[in-house]
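J.: Take a look at this one; I'll ask things after.
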Amino acid sequence: MSEDIRVIRTGAIAEIRFNRPSKKNALTDAMYGAVADAIAAAESDPGTRAILIGAEGDMFCAGNGLTDFAAAATGAGAGMPRNVERFLRAISAAEKPVIAAVAGDGVGVGATMLLHCDIVIIAEDARLTTPFTALGLTPEAGSSLLLPARIGHARAYMMLALGDAMSGAEAARLGLATKAVARPEVDEQARALAQQCCVRPPEAMRITKKLLRDTEAITARIEAEGVHFRERLRSPEARAAFEAFFKR
């Protein structure tokens, strides 16, 4: 387990917390692997009824570490592990309730992972951004399918194509989040809702979630997006974007 990921067991809740605040909780390959392992462990444990994802510090998740992206863009990352794919499979196919406590900004996958959570409690003043095209990249995590379904094509296009930010308050109003609250209340309210999930009959909860999500369609879209994303990482546009970023 990566030290940058904390897993806390409280009763029937498995709480997974990003623990790299000095780097704004940007996700490394090891962190993706640790989260995938934690979700798999929670899914296979009959005593776990809900999975809660949160973060330490004032940022929920700054997305994928740009150093890893830059390595892939230059070919230096060839042959490296791809735990992000394990993470996406785990969170998108989880059968138990997944609750997110978003007490800070989410960037890239820090925003798109919320589309795989059943309950999202977000700070009113948090900002969600998906700056993929600015980096020469394309949407990932099934967001090209799930985001328009949640908030409509027009608003989803502004986020995914033009990188427009969305506030926590707007995310709750449009249905991307369950509820927007004051930042200090996020973790408490998320844990309370996770506990509500825990006291419901687990098989009824599992079937309800399965009926609400077309997992096969989501998986197919994640795989299709992944083909484009990997190609774009090696594109001249992406290399130029990363070079410009690191020269700042």
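J.: Gly108 versus (1) on the phi > 0 side of the Ramachandran plot; (2) in contact with a His (Cβ under 7 Å, 6 or more places away or on another chain): which is the lone unmet condition?
T.: All conditions pass for Gly108, except number (2).
J.: Give the number of residues within region 17-37 that are under 14 Å from the mean Cα position of the chain (by Cα), among the aliphatic types (A, V, I, L, M) and surrounded by fewer than 21 Cβ atoms within 10 Å (Cβ to Cβ).
T.: Counting residues in region 17-37 that are under 14 Å from the mean Cα position of the chain (by Cα), among the aliphatic types (A, V, I, L, M) and surrounded by fewer than 21 Cβ atoms within 10 Å (Cβ to Cβ) gives 1.
J.: What strands (runs of 3 or more DSSP E) completely inside region 8-100 contain at least 2 residues that are within 20 Å of Val199 (Cβ to Cβ) and at pLDDT 95 or above?
T.: Fully inside region 8-100 and qualifying: 13-18, 50-55.
J.: Within region 101-134, take every residue that is among the hydrophobic types (A, V, I, L, M, F, W, C), touching a Lys or Arg at 6+ places or on another chain (Cβ under 6 Å) and in a strand (DSSP E or B) and give me the one that is farthest from Gly175 (Cα to Cα). Lay out the reasoning, then the answer.
T.: To start, the set of residues in region 101-134 that are among the hydrophobic types (A, V, I, L, M, F, W, C) comprises 101-103, 107, 109, 111, 113-115, 117, 119-123, 126, 128, 132, 134.
Those left that are additionally touching a Lys or Arg at 6+ places or on another chain (Cβ under 6 Å): 103, 121, 123.
Then keep just the ones that are in a strand (DSSP E or B); that gives 121, 123.
Numbers: Ile121: 11, Ala123: 14 Å.
So the residue we want is Ala123.
J.: How many residues does region 112-151 contain that are closer than 28 Å to Glu95 by Cβ and out of contact with any strand residue (DSSP E or B) (no Cβ under 7 Å at 6 or more places or on another chain)?
T.: 17
J.: Is it true that Asp164 is among the charged types (D, E, K, R) and under 13 Å from the mean Cα position of the chain (by Cα)?
T.: Working: among the charged types (D, E, K, R): yes; under 13 Å from the mean Cα position of the chain (by Cα): no.
It is false that Asp164 is among the charged types (D, E, K, R) and under 13 Å from the mean Cα position of the chain (by Cα).
Here is a yes/no grid of residues against (1) modelled with pLDDT under 95; (2) under 21 Å from Pro131 (Cα atoms); (3) not polar (S, T, N, Q):
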| residue | (1), (2), (3) |
| --- | --- |
| Ala204 | no, no, yes |
| Arg221 | no, yes, yes |
| Arg230 | yes, yes, yes |
| Leu233 | yes, yes, yes |
| Ala241 | yes, yes, yes |
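The values are calculated or read from the model by the stated rules, or taken from the named source; none is laboratory data. Quick caveat, the model's predicted, so the values are computed rather than measured. Neighbour counts are summed over all protein chains in view; Cβ atoms, including those assigned to glycine, are modelled from backbone coordinates with ideal geometry.
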